[in-house]
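Visitor: Here it is, the structure, as structure tokens.
The values are calculated or read from the model by the stated rules, or taken from the named source; none is laboratory data. Note that the coordinates shown come from a computational prediction; the quantities given were computed from them, not determined experimentally. Quick reminder, even Gly has a Cβ in these numbers, built from the backbone with ideal geometry, and neighbours come from all protein chains shown. Just the protein is used for accessible areas: all its heavy atoms, side chains included, with ligands, DNA and RNA removed. Shrake-Rupley method; radii C 1.70, N 1.55, O 1.52, S 1.80 Å.
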Amino acid sequence: MLWNQILHSQLGRTLALLARRMWRTISFWLRGLFCWLIGVFAFFSDNPSDFDTRMDLRAPQPIRSPIVLLEFSEQDWAELHLRDHNVVGPLKDIVSFSDSLYWDTKLWAKILSLVLKDQPKAVGVSLFFSENFHYGEMSAPENSIFKDPRIFWSADLDSSGRPLLPSFATHLNRNLGVRGVRPDEDGVIRRFHSALAHIPHLSVRLTEQFQAKQKISQLESKPETASEESQLINFMGPSGTFPKIGLQEILSENVPKDFFKDRIVIIGTTSASFANPDFPQQAPQQDWFLTPVGKLSRAEVLANIADNLLGKKWIRKFSNTFYFTLLFLLMLLSVWIIRDYPQSVALVFFVWVGTLLAALSAWVFDSFFFWIPIRAPVFQLGATYIVFL
């Protein structure tokens, strides 16, 4: 009885009319749904190269980070330490190249003392000096410099993932961090992964030390730490983006005033050796890595990671539901445009909407570090125009 009353009421007649209209236009909406599915499939086809292109096309980002670099090359070291300038090359041809070739006790004591003199908050040495290497006799002042609590030494991981400790590790390994970075399958560094060992990553150590000093000055105590999940690194720019000085400048004390003061200093090399993804077991001897913004030295990769940790600049993604909803709304907009306007006018609108979406995606990526795909909306717009012709 109630159902019959509803059917014969004004509401019932309106619902019946809408149902008949929808049934007559079901093929129209099925085509719209098909175009939306094309957009969804295009979304899943996005690959890492799209992320690389996004990073490569944008301009270097403004650096407001307290991170500076001290880098030197094999030639710089040879000119200061080795009598024969051509000794480095032959050694690398004969034996597996090791960071230990860069060791000189007195020279390192002088470098670190000059850096510490400017009162940095944390100093990270990205070279690995194994505990099995013989460093010779050290004076008490030299040993005191190497064990300074502001200095953090690099540890490495062997092929089994076990930590290899540096020579200057203190009690409970509080002054060291794992320096390794793991590339994707194509050999490109895109993500930061927390250290597999119980020792934190070197970038985490440096940022914790920096934040702890900041908190103390603000009467707070607990420093922020990194997430355990892998994170997409927001690279600030190509090689040379972070402020840096060379070995000759620091030894001649030709350094800008307060260059290291209250900053994170990362010491590394710019040797010609290059990280080969086909031989990951040789990673401890490599100093260059492929990234979406080009080749970067190990120190520069660590600087980008530390900068992301400090500023929470990781590239983040929304849930798939959010992206699918956006694509569905775009489909509704596209269908409305192509239904109510001539094809030539609709084409202009489609180009304008695609350009607007690309600009919006780039702005959100650069300003808020959120990734919104461009390929999927563009593919969907093109499919919608073609299907509804």
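Visitor: Taking all protein chains as present, what is the carbon and sulfur share of the accessible area of the stretch 331-389, in % to the nearest whole number, probe 1.4 Å?
Guide: Values: 2460 of 3170 Å².
Roughly 77 percent of what the probe reaches on the stretch 331-389 is carbon or sulfur.
Visitor: Taking amide H positions as placed 1.01 Å from N in the peptide plane, with prolines and chain starts having none, which residues 5 or more places from Arg316, or on another chain, fall under 5 Å of its amide H?
Guide: Result for Arg316 returns Phe370, Trp371.
Visitor: Could you give the nm distance between label points at Gln248 and Lys261, where each point is 7 Å from its Cα heading toward the beta carbon?
Guide: For the pair Gln248/Lys261, the computed spacing is 2.7 nm.
Visitor: Compute the length gained on full extension between Asp186 and Phe322: take 0.36 nm times their separation in residues and subtract their Cα-Cα distance, giving the result in nm to one decimal. Spell out each step's value before the answer.
Guide: Details: separation 136, 0.36 × 136 = 48.96 nm, distance 2.87 nm.
So the extension gain works out to 46.1 nm.
Visitor: Could you list which residues have their amide H under 5 Å from that of Ser230, counting only those 5 or more apart in sequence or on another chain, with H placed in the peptide plane?
Guide: none
Visitor: Please calculate how many Å² of accessible area the stretch 146-194 carries per residue, with a 1.4 Å probe and no DNA, RNA or ligand atoms counted.
Guide: Here the per-residue accessible area is 46 Å².
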